[in-house]
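These notes concern the structure reproduced below.
The values are calculated or read from the model by the stated rules, or taken from the named source; none is laboratory data. Please read these numbers as outputs of a predicted model, since none were measured by experiment. Heads up, the Cβs are rebuilt from the backbone with ideal geometry, glycines too, and the neighbour counts pull from every protein chain shown. Quick note on the areas: whole protein, heavy atoms, side chains included, nothing else; ligands and nucleic acids left out. Shrake-Rupley method; radii C 1.70, N 1.55, O 1.52, S 1.80 Å.
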Amino acid sequence: MERYWNEEIECMSREDMKKLQDERLVKQVKHVYENVPYYRNLMDEKGVTPEDIKSTEDLHKLPFLTKSDLRDAYPYGLLAKPLSECVRIQSTSGTTGRRVVAFYTQNDIDLWEDCCARAITAVGGTNEDVCQVCYGYGLFTGGPGLNGGSHKVGCLTLPMSSGNTERQIQFMRDLQSTILCCTPSYAAYIGETLHDMGYTTDDIKLKAGIFGAEPWTEEMRRSIEKSLGIKAYDIYGLTETSGPGVSFECSEQTGMHINEDHFIPEIINPETEEVLPDGETGELVFTSITKEAFPLLRYRTRDLCVLTRKKCSCGRTLIKMSKPMGRSDDMLIIRGVNVFPSQIETVLIEQGYTPNYLIEVDRVNNTDTLDISVEMNPEQVSGDVRDSEKSLAVAIKTMLGISPKVHLVEPKSITRSEGKAVRVIDRRKLHD
Ligand code: DLL
């Protein structure tokens, strides 16, 4: 049976949800206009006043906020509450080197943890569960967010943070953890280590995993589910909108329900900024309608995905977003062709390789080069490596339309990730 943390909200009629969003949006725009001079200037420049925003239909009138606004306004320029009312900051330097500092009132923390509690409940979590949180703790939002959600649900919470993988497995076995929270790349590493230590899935009690903070494919999901003997669920969020829990997967495992009572999503064409209808792929934009200290309106996430309102078998009426296929700024353009690392990952796992790989892009004599190092499984080492490299290169060419150079490397030779995996080195940027 499907469990809900807040059935009234999660299964609310679309009509009532719209009413709630309309009310909250109007209030939020006023709050921001009055308290954030930076955004007030953007609205003034666009000739929009708070009175122009009467409902979600008027959302498109508001100016966008981008990562560069965050940089310009760093550190306090987007703060909407006095510091005396803020109780926490979280931050990320991200894999793309951007710095974001987000502020929270106590109420912001409560709402954020509530969103995470919805995610944990959606995977079947209750106060009978032991929830092992191996996202990083500290400035990164992953550990604190899921930790708070786990407390709310009443799970016995193991605040492990990331790293020390053998100890993770020891605790998992001794304390009989049932829910694992970490990045998908770390989950894959934990699964690998479990088997390396001579254990099988019969030696652990895990039933579900809540994995996010980086893109991962359906193939990766199946591979983790097999190695840990669990159901693996996606969770999405970003520091700018509080952290994990902006959206979460349910039993259907076909995309993530957005907590629309807190965040209004839009999809736009990243080039023209035009708002796109549901079902079209574009950049995800969020408006926070409940955050007090750091309420971003029409924030451009750079994440590319699709929104759908198709009825979900779990009973939730919250709109769903697809797995982000990557960030628009993670997309590689190689010999004029758009390439997402996730496409390469799909082929590798389909062809029976490990999810341990490194993509290196360079420019030699004015031509882009694409080298992909892929780790073999121990049983693949004895085969004809040259032949395997060739056939993998053909499979990748079929997916991408361009030929890579594939290098099959020894098992365990590619550095494992305990947080967000770094899978791409683009040397063209280093030369520029
Ligand atoms: O990664 C928050 C988080 C922690 C989410 C734990 C889920 C679990 P940031 O470090 O600010 O925050 O990075 C946010 O990570 O814009 C996406 O590009 C990416 N991302 C987050 N979740 C997913 C996901 C946290 N499920 C950035 N799938 C976002 C794909 C994701 N990408």
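A few points about this structure:
- For the pair S382 and R222, label points projected 7 Å from Cα toward Cβ lie 2.6 nm apart.
- Near C155: Cβ cut-off under 15 Å, other residues only, Lys/Arg at +1 and Asp/Glu at -1. The net charge is +1.
- Its residues counted as N, the range 362-415 yields a C-alpha radius of gyration over 2.2 N^0.38 Å of 1.24.
- Sorting 314-324, 377-387 by average packing, meaning the other beta carbons within 10 Å per residue, from highest down gives 314-324, 377-387.
- The range 74-185: relative contact order in percent, alpha carbon pairs under 8 Å with at least 6 residues between: 25 percent
- Computing FRET efficiency as 1/(1 + (r/R0)^6) for D44 and L156, where r is the C-beta to C-beta distance and R0 is 41 Å, gives about 0.20.
- Long-range HN-HN contacts of D368 with modeled amide H, under 5 Å: R335
- Stretch gain in nm, segment Q343-R71, where the contour uses 0.36 nm per residue and the Cα spacing is subtracted: 94.8 nm
- Hz values of 3J(HN,Hα) by residue in the range 20-33 - Karplus curve (6.51, -1.76, 1.60), Gly and Pro given as x: 4, 5, 4, 4, 5, 5, 4, 5, 5, 4, 5, 4, 5, 4
- Average accessible surface for the chain: 43 Å² per residue, computed with a 1.4 Å probe over protein heavy atoms with every protein chain in place.
- Applying 0.36 nm per residue to the separation of Q176 and T272 and subtracting their alpha-carbon distance, the gain on full extension is 29.4 nm.
- Overall form of the range 323-376: oblate. Here a/c, set by the Cα gyration tensor axes a ≥ b ≥ c, is 1.5 or more, and a/b is not larger than b/c.
- Only Cα pairs under 8 Å and 6+ residues apart enter the sum, and on that basis the relative contact order of the chain stands at 14 percent.
- Unsatisfied cross-links (Cα-Cα over 23 Å) in the set K19/K291; K81/K320; K226/K323: K81/K320
- Seen from every direction in turn and averaged, the convex hull around the alpha carbons of the range 75-228 projects onto 9.8 nm².
- Gap separating the Cα centres of the range 47-122 and the range 239-288, nearest whole Å: 15 Å
- Our note on the geometry: Cα centres of the range 18-36 and the range 315-379, 39 Å apart.
- Charged neighbours of G47, selected by a Cβ distance under 13 Å, balance to -1 (K, R count +1; D, E count -1).
- The angle between the Cα long axis of helix 218-228 and the main principal axis of the chain comes to about 70°, on a 0 to 90 degree scale.
- At a Cβ-Cβ separation cutoff of 4.7 angstrom, cysteine residues of the chain with no neighbouring cysteine are C11, C86, C115, C116, C181, C305, C312.
- When Rg and the Kirkwood radius Rh are both evaluated on Cα atoms of the range 225-380, their ratio Rg/Rh stands at 1.03.
- Where N is the number of residues in the range 295-432, Cα Rg divided by 2.2 N^0.38 Å: 1.25
- Principal-axis tilt of helix 106-122 within the chain, Cα atoms, nearest 10 degrees: 50 degrees
- Percent carbon-and-sulfur accessible area, the range 326-432, ignoring ligands, DNA and RNA, probe 1.4 Å: 50 percent
- Here the range 76-195 exposes an accessible surface that is 48 percent carbon and sulfur, computed with a 1.4 Å probe and the other protein chains kept in place.
- Exposure ranking of L62, L276 by accessible area [1.4 Å probe, largest first]: L276, L62
- Helix axis angle, 142-153 relative to the chain longest principal axis, alpha carbon, degrees: 70 degrees
- Taken one residue at a time, the phi angles of the range 359-372 give Karplus couplings (6.51, -1.76, 1.60, θ = phi - 60°) of 9, 10, 10, 8, 10, 10, 6, 6, 10, 6, 10, 10, 10, 10 Hz. Gly and Pro are set to x.
- Full-stretch length increase - R99, H195 - with 0.36 nm per residue and alpha-carbon distance subtracted: 30.8 nm
- Taking every DSSP helix (H) stretch of at least 4 residues in the chain, weighting each as -39,500 (n - 2.57) and dividing the sum by the residue count yields a mean residue ellipticity at 222 nm of -9500 deg cm²/dmol.
- Across the alpha-carbon atoms of the chain, the computed radius of gyration and Dmax are 22.1, 71 angstrom.
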